[in-house]
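Let me begin by presenting the structure, written as structure tokens, before commenting on it.
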Amino acid sequence: MAAATLCWALRVARQVLPLPCPRQVRSYYVDWRMLRDVKRRKMAYEHADERLRINAIRKNSILPKELQELSDKEIAALPRDSCPVRIRNRCVMTSRPRGVKRRWRLSRIVFRHFADHAQMSGVQRAMW
Amino acid sequence: TSRVLSKDKDKSAASKDSTPEGAAKSQKGGAETPKQQLLDIIGSMRVEVSYRKKLQQLKASDNKKQAMNKLEGPQSEGSVPQGVTDDTQRGKPLNPELVKAASAVASSLPHNKKQTESELLAQLRRHEETTDKQKKGETINLRNVISEMTVKRHSPAQRGARLSGRISLQLDEDGQRIRPERSSAHSMDSRRYFCCFSFFVYRSLKVGKRLNIFTKASTEPEHALKTVSSPTIWDLEFAKEVAAVTAQPPRNGFEEMIQWTKEGILWEFPIDNEVGMEDDAEFHEHIFLEKHLEGFPKEGPIRHFMELVICGLSKNPYLSVTQKVEHIEWFQKYFEEKKELLQEI
């Protein structure tokens, strides 16, 4: 009984005083290409160890060649998205595949936008 | 302090007459200035120190001479029979060894042997009285000494010792300022020293009257833990709601940063490089990995290959020991699967 009244009171309070809005939460990816890139990254992370070990057998002059050919076939049998070569460093805000600065993970346009609005810490217009 | 010390040297000759009962003497000579009294006490304090050494020597010599000269009167000390008569007059016989020691000490001192001797013997008698009292009743325990000091009337000997103890505090540059303990220790030392000839038995700690400083801790029976079953869903929901309501938005940047740190967004400063990485393995477990190579054939290209692998792993600071072991085990499994193929070769 007391708990019910307290809950009702809490609900009322929530309506009256809206909860403080936390920082922006990204619930969607910008486009499908970004989503695929995310999937590829996850897979590459999962298979990274295996790929490293099989490659260690392949790129070897000590072990017999038959073994190396076998391991070639094995690594080709792994899912295609597990190789890190397929990852593309896209812009985090706009998913632009080109013109992306690695340090900020942003494309050049977004970077300029934020820097001009003084939202990039330590970034200043160059003048010399 | 140098001035005081020089004055000490001047006065020590004069104040050597005043034996450990420096205070007693100061009581008698009330016309003395307080400064002189102080210096007397200092001198008496120093005299105590010298007494100790002499008594030590005397004890050693006495134990040697005892068999020889017990019946004979001591040769150089003609005042011993006088001392003995003094004691007998007072009605309490002192230890003959003590008497001998006192007379020897008195003779060694430059001034007024008879007076010093009588004073010494009086002091000894007083010490004997106190020790006897203590022997009868309780043990010579520090607690009892303190309690006795508070209860008893301050005897001049104790007062003198206490004063000397205080002055010794200032001079010795001791950090501790616990006065009663200090003085009691001092008086204990002097008393103990004079009574070293009379052996007393040290009894256990628990014997003796209680001081009632500490009250016995009442052993309350611990309240039986309320049997709480696993919290219900409603309880959890309630707790969540309460937390959500009470979480006010941060008033300033500091509170915001605190919130972020709690959530895990912000690192804790000063930055600890090994957060989340608890590798309790010793260095030898990282480097000496040959023991994991037991499943492999001892010769051949595979062994060569695995040794290279191990060499690389031992130089790797980023992996934990379990990860390295996993690495080696994966290779072992792999090679076992390919065994038929390998044997064809």
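Laid out as a table, the results:
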| item | result |
| --- | --- |
| Per residue value of the accessible surface for the stretch B:283-344 (all protein chains in place, 1.4 Å probe), Å² | 67 Å² |
| Sulfur and carbon atoms: percent of accessible area, the stretch A:30-88 [1.4 Å] | 53 percent |
| Solvent-accessible area of B:Glu285 with every protein chain in place, 1.4 Å probe, in Å² to the nearest 10 | 60 Å² |
| Label-zone membership for the stretch A:40-71, site A:Ala77, 7 angstrom Cα→C-beta point, backbone N under 11 Å | A:70-71 |
| Equivalent ellipsoid dimensions for the stretch B:283-344 as semi-axes, Å, which come from the Cα gyration tensor, largest first | 23, 12, 9 |
| Full-stretch length increase - B:Ile213, B:Phe283 - with 0.36 nm per residue and alpha-carbon distance subtracted | 19.7 nm |
| Most to least accessible of B:Cys311, A:Cys91 (protein chains only, probe 1.4 Å) | B:Cys311, A:Cys91 |
| Solvent-accessible ranking of B:Lys133, A:Lys59, largest area first, probe 1.4 Å | A:Lys59, B:Lys133 |
| Reduction of at least 30 Å² in accessible surface, 1.4 Å probe, comparing all protein chains with the chain by itself, residues of the stretch B:280-307 | B:Pro301, B:Phe305 |
| Cleavage-rule hits, chymotrypsin sites (Phe, Trp or Tyr not before Pro), the stretch B:261-345, DSSP coil, Cβ neighbours within 10 Å at most 10 | B:Tyr318 |
| Placed amide H near A:Cys91: partners under 5 Å, 5+ positions off or other chain | A:Arg96 |
| HN-Hα J in Hz across the stretch A:95-101 - Karplus 6.51, -1.76, 1.60, θ = phi - 60°, x for Gly and Pro | 6, 6, x, 10, x, 9, 7 |
| Space enclosed by the convex hull of the alpha-carbon atoms of the stretch A:15-128, per residue, Å³ | 202 Å³ |
| Loop-located trypsin sites (Lys or Arg not before Pro) in the stretch A:96-128 whose Cβ has at most 15 other Cβ within 10 Å (DSSP) | A:Arg98, A:Arg102, A:Arg103, A:Arg105, A:Arg125 |
| Accessible area of A:Lys39 in the full protein assembly, 1.4 Å probe (Å², nearest 10) | 110 Å² |
| Residues in the stretch A:50-81 that, when all protein chains are in place, have 30 Å² or more less accessible area than the chain alone would give (probe 1.4 Å) | A:Arg53, A:Ile57, A:Ile62, A:Leu63, A:Pro64, A:Glu66, A:Leu67, A:Leu70, A:Glu74 |
| GluC sites (Glu not before Pro) within the stretch B:297-329: DSSP coil, no more than 12 neighbouring Cβ in 10 Å | B:Glu299 |
| Carbon and sulfur %, accessible surface of the stretch B:211-339 computed with the full protein complex present, 1.4 Å | 58 percent |
| Accessible surface buried upon A-B contact (total; probe 1.4 Å; Å², nearest 100) | 2100 Å² |
| Whole-number accessible area per residue in Å² for the stretch A:24-92, which is evaluated in the context of all protein chains at 1.4 Å | 73 Å² |
| Which listed pairs, of B:Lys291/B:Lys315; A:Lys39/A:Lys65; A:Lys42/B:Lys338; B:Lys59/B:Lys206; B:Lys35/B:Lys135, have C-alpha distances above 27 Å, in listed order | A:Lys39/A:Lys65; A:Lys42/B:Lys338; B:Lys59/B:Lys206; B:Lys35/B:Lys135 |
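The values are calculated or read from the model by the stated rules, or taken from the named source; none is laboratory data. Source: prediction; values computed, not measured. Neighbour counts are summed over all protein chains in view; Cβ atoms, including those assigned to glycine, are modelled from backbone coordinates with ideal geometry. Side chains are part of the model used for accessible areas, which takes the heavy atoms of the whole protein and leaves out ligands, DNA and RNA. Shrake-Rupley method; radii C 1.70, N 1.55, O 1.52, S 1.80 Å.
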